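Here is the structure we will look at.
The values are calculated or read from the model by the stated rules, or taken from the named source; none is laboratory data. Predicted, not measured: the structure shown is a model, and the values here were computed from it. Ideal geometry is used to build each Cβ from the backbone, glycine not excepted, and the neighbour counts take in all protein chains shown.
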Amino acid sequence: MSTRFFQDMLGSIAERGRQLIDRSPARDLAKSSRKGSERSSDTIEELSRALLSGRGEASGVALARQLLDRYTGLPVSDRIKFFQLLGRDFGPDQPALRVAWNEYDKNPSPKKLRELLRAVEPPRQELFRRFNLAPAGIAMLVEMRRQLLPTLGAHPQRVGIDTDLMHLFRSWFNRGFLVLQRIDWRTSALVLERLIQHESVHQIQGWDDLRRRLEADRRCYAFFHPALPDEPLIFIEVALTRGLAARVQPLLDPDLAPRSAARACQRPRPGHTGR
């Protein structure tokens, strides 16, 4: 509930920031000279540069939301052009990097090291961080990487973009940020649907099969990221049994009658052979 509250609040901030941007004098001047064509400030490149330029928090959230909306609306061919833009214009500043390295090589002090690290980090990493200001920004960045990966074979120069995304994801999806939650039949239908979609080891054959796997003698747990409350990142299914099961197939039998957790784990009485 608290996650939803903060997401809604962030969306309100983004909307308020968009209104502030729309009311700015520069925006009004741009509108007056539009002459029927789309403003250059509305292109994805200009929005990216504006986001990196660093405005106030509310307008930054609004710009991030506007940029991600624009990216989502692009056809596949233009998304590829955006990857080209990220690789060409948002990589490290090579002259500045060489200067910083030479300075550090001559004087390897903590200050020179900070300057070198600042020069090594490409601007697109900061751009990705600011993408994450937008509601659902992290989900969009994950989707962006999914679209990027198939292009790396033909365009190895884009590996740097993937490296930057992975660098950020390793921090953002650190175990300390993940929340362990139990999933049962009362969990939201959207999360339950994700289980059906993503179970690849022992596939779930529809809703009846899923319900059996969430009965009283079963347990299902998943890790969630606070920014992705409807996306189980990792999940595990457990069947409660008396001792270690020799085979998994009987446990997957949808006709196997459910039992209470206490009875499922209860040791048999001497001479008792019932299930």
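Condition check: at pLDDT below 65, more than 23 Å from the chain's Cα centre (by Cα) and not in a helix (DSSP H, G or I). Does residue 55 satisfy that?
Details: at pLDDT below 65: yes; more than 23 Å from the chain's Cα centre (by Cα): yes; not in a helix (DSSP H, G or I): yes.
Yes: the conditions hold for residue 55.
Is it fair to say residue 132 is of a type in the set (S, T, N, Q) and either in contact (Cβ under 8 Å) with a residue 12 or more places away in the chain or buried (at least 18 other Cβ atoms within 10 Å of the Cβ) (or both)? Here the answer is yes, as residue 132 does meet what is asked. Residue count for the range 60-82 under the criterion of being more than 13 Å from residue 44 (Cβ to Cβ), of a type outside the set (D, E, K, R) and surrounded by 18 or more Cβ atoms within 10 Å (Cβ to Cβ): the result is 3.
When 144, 166 are screened for being part of a helix (DSSP H, G or I), without any contact (Cβ under 8 Å) to a residue 40 or more places away in the chain and not hydroxyl-bearing (Ser, Thr, Tyr), only 166 passes. Has the range 102-118 got any residue that is surrounded by fewer than 17 Cβ atoms within 10 Å (Cβ to Cβ) and closer than 20 Å to residue 158 by Cβ? For the range 102-118, residues surrounded by fewer than 17 Cβ atoms within 10 Å (Cβ to Cβ) and closer than 20 Å to residue 158 by Cβ: absent. Of everything listed in (1) touching a strand residue (DSSP E or B) at 6+ places or on another chain (Cβ under 9 Å); (2) surrounded by fewer than 12 Cβ atoms within 10 Å (Cβ to Cβ), the single unmet condition for residue 188 is (1).
Taken over the range 208-254, residues that are free of Cβ contacts under 8 Å to residues at least 12 places away in the same chain and not in a loop (DSSP other than H, G, I, E, B) amount to 2. If you check 35, 31, 81 for being of a type in the set (Lys, Arg), part of a helix (DSSP H, G or I) and modelled with pLDDT under 50, only one passes: 31.
Condition first: of a type in the set (Val, Ile, Thr) and either assigned by TED's automatic domain parsing to the domain that holds residue 236 or surrounded by 14 or more Cβ atoms within 10 Å (Cβ to Cβ) (or both). Now tell me which residues in the range 147-178 satisfy that. Of everything in the range 147-178, those that are of a type in the set (Val, Ile, Thr) and either assigned by TED's automatic domain parsing to the domain that holds residue 236 or surrounded by 14 or more Cβ atoms within 10 Å (Cβ to Cβ) (or both) turn out to be 151, 161.
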